[in-house]
Amino acid sequence: MTFGSTIAATNSDLLSPDLGNRLHAFVSELYPICSSITGNGLREILRRIGQRIPLQIHEVPTGTQAFDWIVPREWNIRDAYVQNSRGEKIIDFKSSNLHVMNYSVPVNAKLSLEELKPHLYTLPDRPDWIPYRTSYYRETWGFCLTQRQLDSLPEDEYEVVIDSSLEDGSLTYAECLIQGKSREEILISCHACHPSLCNDNLSGLAVATFLAQVLAGTEPRFSYRFLFIPGTIGSISWLSRNENVVPRIKHGLVLACVGDPGAFSYKKSRRGNTEIDRAFLHLLAASGNPYNVRDFSPYGYDERQYCSPGFNLPVGSLNRTQHGKFPEYHTSADNLSFVTPESLASTLHFCLEVFRLLENNLTYLNLNPKCEPQLGKRGLYRLMGGLPDAGTRELAMLWTLNLSDGNHSLLDIAERSSLHFDVILQATRDLEQAGLLSSQTR
Amino acid sequence: MTFGSTIAATNSDLLSPDLGNRLHAFVSELYPICSSITGNGLREILRRIGQRIPLQIHEVPTGTQAFDWIVPREWNIRDAYVQNSRGEKIIDFKSSNLHVMNYSVPVNAKLSLEELKPHLYTLPDRPDWIPYRTSYYRETWGFCLTQRQLDSLPEDEYEVVIDSSLEDGSLTYAECLIQGKSREEILISCHACHPSLCNDNLSGLAVATFLAQVLAGTEPRFSYRFLFIPGTIGSISWLSRNENVVPRIKHGLVLACVGDPGAFSYKKSRRGNTEIDRAFLHLLAASGNPYNVRDFSPYGYDERQYCSPGFNLPVGSLNRTQHGKFPEYHTSADNLSFVTPESLASTLHFCLEVFRLLENNLTYLNLNPKCEPQLGKRGLYRLMGGLPDAGTRELAMLWTLNLSDGNHSLLDIAERSSLHFDVILQATRDLEQAGLLSSQTR
Amino acid sequence: MTFGSTIAATNSDLLSPDLGNRLHAFVSELYPICSSITGNGLREILRRIGQRIPLQIHEVPTGTQAFDWIVPREWNIRDAYVQNSRGEKIIDFKSSNLHVMNYSVPVNAKLSLEELKPHLYTLPDRPDWIPYRTSYYRETWGFCLTQRQLDSLPEDEYEVVIDSSLEDGSLTYAECLIQGKSREEILISCHACHPSLCNDNLSGLAVATFLAQVLAGTEPRFSYRFLFIPGTIGSISWLSRNENVVPRIKHGLVLACVGDPGAFSYKKSRRGNTEIDRAFLHLLAASGNPYNVRDFSPYGYDERQYCSPGFNLPVGSLNRTQHGKFPEYHTSADNLSFVTPESLASTLHFCLEVFRLLENNLTYLNLNPKCEPQLGKRGLYRLMGGLPDAGTRELAMLWTLNLSDGNHSLLDIAERSSLHFDVILQATRDLEQAGLLSSQTR
């Protein structure tokens, strides 16, 4: 049974019309949790994902070496606020997780406005938005607030409280492995460390969770490994603990910022012409919708680590609007209304299309390589001659036969013929059934 | 003696100004014959060609296996008509070969208009033209007629007669081999199975016949093999019987639709960058006339078979307007006025230019590779210095010397220097005569 | 100490703001001398250069074989004029070296205007300019003059005197070798045979002389060999006597026509993608100024010989306006006002930029190839997270780490990252200092 038909058969309910709404509801469920690269917020995010798919949770102790890095102390936060002399909380963590610089050390002090200001972060250009700031590797504290809030602060004595802890503990990440027929893997990685930012990256978490759910019901050719990890230190930790898995990764994808209404933007792997790169390019071009393809650069998300020279994995990254290219990026405006059910659902569908292509991208051998076989006598070709054009289906069969010399995968054939992969795939199945092609293990 | 000068010396009469008229007259001579993929019409076509060039006729018996195909029964037709109740022949094979669907089985029946209609083929968009239809591999019968004829048919009882036979016999094709100095061959193939269609492909037959006539008077480097064959089954039959010849084919060309007034359109071989592909591209670009170059696709004429993966021969195809891209294609409008003497003659001349390039495209070795040789003392370079530009002839010598390192053919040099192949060829001859170059056998 | 900083430290006076004026003054100093491919004029040019840089002078005797060429007899000229019957010198070598066709044989005769005219050369299109003409390899004589002069000549008996000699002697050329740490060489070649033409090529001589002066104060990685030679026969003679040096030439540059106000025009080496070709392309593109890049052709200056197939050296050519593309080319209008101090100085600076790139274009190895190293803890990366963009410096470090897999030089990294070579170089130094990179000997 083919991957595509398996999905249709066993998971049609998962792909029902309200898919987008369900994805958005999951984003909403995760939105209030204050995640970080360690700590209980991150654990809660992973627990919620684990309610939907089989998840293996890993705890990596503080101080563990991961290549050049050391797993930091664990950060937890209970409360934080700035209170004026009248006892009013004028900045309150309880109203937005973004108000506290992530990884702020504990503080409990009374400060003048002048003393407070160096610890306050705003976006002067976007006076109503709260920025998102972190300080994982330098011990400091800070508050983020809107420019309007800042402008309205009078001289006063402020009580500043951050009830956080930074202590030995562990870094948490989670894996979901969907076992396929082969031990060869497709890696899907998304960062889970950002608090209360919907596009970056609750969107990626939601899409990946639902992808795992859909795939769990199929018998795919590849095994699929989903990683839900804190950015940078998470992928570095995973790679350092899984060097034996790395050689099995045939294709990989980092999912981030996949819920906004923008067009798809695909970032190629460092190698630049891997099968997953070409799969995305083919399907994006065939989609008829606007899209964007970027060459690899070593700045972005965890593809930085997967594509570091010591690994150089065939891992691309799918986004809608690219990080840093939408003004809402890393601000309180990356909220529940910035990501849409339609975008979330179409990202999921597009990923499934790509996986389906990769699953089916085999190389076949024309068993009758000298001249064309007689398709007409097999019912595969029209019988009346003289018409000016061949149909697409006939062309697809002719291309598939012509290029199935053992050196061309179906994607190669689709690219060269300018026909859609699915059309070539259907031709392949018809020809295989007629005994004219045999599949080659690659 | 060079190929070019040999042609001029021995065949100047063949290339005289009325060449186009003689080509067109030959098309006119073949036009009334009802050809098909087998049978006496095809034999008559080949007999007429054989009156002009030495031709070896082959008969392949019905039932012979040719790779995946079986040579079909032989079809012959003597008469066919549809007669109304008043005894008037309202469709008459004698007035156009196209009126009968090619390979129609015998029929002798009285039918109502309703019973007749499923057997009638028209072109609603071109109400005055008769379409060309075939049914080689499904036993049926049919008549082709103009839409106006069809529209004017009243209810009546029609007498339908097709006096044809479909019986064991043989498939006929012909070869003309012009022996050259080398056993390496240039293959020219054209299909001879279409009845009363001037561009597709009486034009190809006429040009190929005249090419063979011209070449027969020369001592070419390559041997030239001309095939006059029924489409598809003919080339498949030839290939299946001549696998030993295949390795000797260095270049090949399918000639079809070469008489209409459109610009040249060259379709590349499957390999896409063979010497004949590059020869056509160079000379088409140098011609200064509009032209068209298409990548290989496995749809078209017999290049489909020559370029099947089991052979993958360096065979391109020359057309003027591409099959299926002119409305007259496969209709009664592909008649004697659709092909012009000028187009036929210029196709022949262009093919000779291409052959001349291939004949002369050797690799030479600069015998004085360190620094330039002193051309001035040999009378090959102007003696006064200080002028701002070199002449084309001097540039051609400098390029030829610079690139004749054993790795560049003359066509390579022409491509890189953007000079015409003939200019490079002349420079090569001058330099060879001066003892500065020696030819390398490739 | 790096090449760049060495220049700054020891030669800042050489690169002072009046550099252009000093270059132009040197052109002015050489302008009155009547150079040729042999003789005392050429020797005087080289003597003046030798007053500024350490120069080794070579004399190659007449009759010496140099590959296909023979060193010609030596030409010297003392005086030349055409005098009318009233005793007036109407053409006088003393007023312009260009008036005498270079290499004219001695003559002392009385001629009518009709007899004289075949020996007179003008530029009808530029009636006020004197052309530059030579006749090195055919014994003849001639005068060059303005069209206006020619038009004003009445019928008369003219006394024609050329007090020259063409006798066995020698061909003179000069070399300046700046020893570097490596025996690998960068070759800079410029022709010294043109008399009284400022752009072609007193500009090249001046820039090369000053380059040698600047480099002499440094400890470069490469050795730099400057050749001041007569065109064609000079480079051929040098190559024939220095075949043992040829394998050490890693990069080479022909300098000619580098003083006019036009944009830079770089002509690639025959190989077309050598390191010096790519260095020029990178720096020209990064300059923000208009520029021109030409593919190699075997017409031009001495790159013709260095790039002949028997040597095929990685030698490009830098010009401003290309020879033959400015109307002043090879005329008396290529004078002191045609070349500008600014252009001469900017050519010199640009050459130094290119040399600096070549000196520093090493390949490094990321010592921490699995995942990114933690730059933050080394003070190389900002510590606050969440900002939308990385800075250029951070990007440069990430690119350098990502591509330093042993297969990419710094220029490769600059090209792929679209960052300036200098930015990549700075990142490399920072990373090397932090112990994260080690240089590889190529």
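Key figures
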| read-out | value |
| --- | --- |
| Pairs, first under 15 Å from residue C:199 (Cβ atoms) in the range C:343-358, second open to solvent by 10 Å² or more (accessible area, probe 1.4 Å) and among the aromatic types (Phe, Trp, Tyr), C-beta under 8 Å, six or more apart | C:347/C:264 |
| Selection count where residues are within 14 Å of another protein chain (Cβ to nearest Cβ), open to solvent by less than 10 Å² (accessible area, probe 1.4 Å) and in a helix (DSSP H, G or I), scope the range C:344-398 | 3 |
| When residues of the range C:399-420 are limited to those that are more than 9 Å from every other protein chain (Cβ to nearest Cβ) and assigned to a loop (DSSP other than H, G, I, E, B), the one most open to solvent (accessible area, probe 1.4 Å) | C:418 |
| Qualifying residue in the range C:180-196 (condition: assigned to a strand (DSSP E or B), open to solvent by 10 Å² or more (accessible area, probe 1.4 Å) and either of a type in the set (A, V, I, L, M) or away from chain B (no Cβ under 14 Å) (or both)) | no |
| Pairs, first free of Cβ contacts under 8 Å to residues at least 40 places away in the same chain in the range C:264-287, second of a type in the set (Lys, Arg), C-beta under 9 Å, six or more apart | C:277/C:268; C:277/C:271; C:281/C:268 |
| Residue B:380 of a type in the set (A, V, I, L, M, F, W, C) and more than 30 Å from residue B:143 (Cβ to Cβ) | yes |
| Pick from the range C:207-218, criterion in contact with a Leu (Cβ under 9 Å, 6 or more places away or on another chain) and open to solvent by 10 Å² or more (accessible area, probe 1.4 Å), ranking: nearest to the other protein chains (Cβ to nearest Cβ) | C:213 |
| Within the range B:219-311, helices (runs of 4 or more DSSP H) holding 3 or more residues that are more than 14 Å from chain A (Cβ to nearest Cβ) | B:275-287 |
| Per-region count, the range A:319-337, residues away from every other protein chain (no Cβ under 14 Å), open to solvent by 30 Å² or more (accessible area, probe 1.4 Å) and in contact (Cβ under 8 Å) with a residue 24 or more places away in the chain | 2 |
| Odd one out for residue B:433 among (1) within 13 Å of chain C (Cβ to nearest Cβ); (2) without any contact (Cβ under 8 Å) to a residue 60 or more places away in the chain; (3) not aliphatic (A, V, I, L, M) | (1) |
| Number of the exception - residue A:119 against (1) within 14 Å of chain C (Cβ to nearest Cβ); (2) in contact with a helix residue (DSSP H, G or I) (Cβ under 8 Å, 6 or more places away or on another chain) | (2) |
| Boolean, residue A:119 is at pLDDT 95 or above, out of contact with any Lys or Arg (no Cβ under 7 Å at 6 or more places or on another chain) and surrounded by fewer than 20 Cβ atoms within 10 Å (Cβ to Cβ) | yes |
| Test set (1) on the phi < 0 side of the Ramachandran plot; (2) small (Gly, Ala, Ser); (3) more than 17 Å from the chain's Cα centre (by Cα) - residue B:234 fails condition number | (3) |
| Residue in the range B:368-382 that is at pLDDT 95 or above, within 25 Å of residue C:69 (Cβ to Cβ) and among the aromatic types (Phe, Trp, Tyr) present | no |
| Filter pass, residue B:336 being touching a Gly at 6+ places or on another chain (Cβ under 7 Å) and more than 19 Å from residue B:420 (Cα to Cα) | no |
| Odd one out for residue B:316 among (1) open to solvent by less than 10 Å² (accessible area, probe 1.4 Å); (2) more than 28 Å from residue B:250 (Cβ to Cβ) | (2) |
| Meets criteria (modelled with pLDDT under 95, within 12 Å of another protein chain (Cβ to nearest Cβ), on the phi < 0 side of the Ramachandran plot and in contact with a helix residue (DSSP H, G or I) (Cβ under 9 Å, 6 or more places away or on another chain)) for residue C:427 | no |
| Segments classed as helices (runs of 4 or more DSSP H), wholly inside the range C:1-95, with at least 1 members that are modelled with pLDDT under 95 and open to solvent by less than 60 Å² (accessible area, probe 1.4 Å) | C:3-11 |
| Selection from the range A:127-155 of residues that are surrounded by fewer than 17 Cβ atoms within 10 Å (Cβ to Cβ), part of a loop (DSSP other than H, G, I, E, B) and more than 14 Å from chain C (Cβ to nearest Cβ) | A:127, A:128, A:152, A:154, A:155 |
| Members of the range A:110-138 found to be touching a Leu at 6+ places or on another chain (Cβ under 7 Å) and either without any contact (Cβ under 8 Å) to a residue 60 or more places away in the chain or polar (S, T, N, Q) (or both), listed by number | A:113, A:120, A:122, A:135, A:138 |
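The values are calculated or read from the model by the stated rules, or taken from the named source; none is laboratory data. Predicted model only: the values in this text are computed from it and were never measured. So basically every Cβ, Gly included, is an ideal-geometry build from the backbone, and we count neighbours across all protein chains shown. These accessible areas exclude ligands, DNA and RNA; they are computed on the full protein's heavy atoms, side chains included. Shrake-Rupley method; radii C 1.70, N 1.55, O 1.52, S 1.80 Å.
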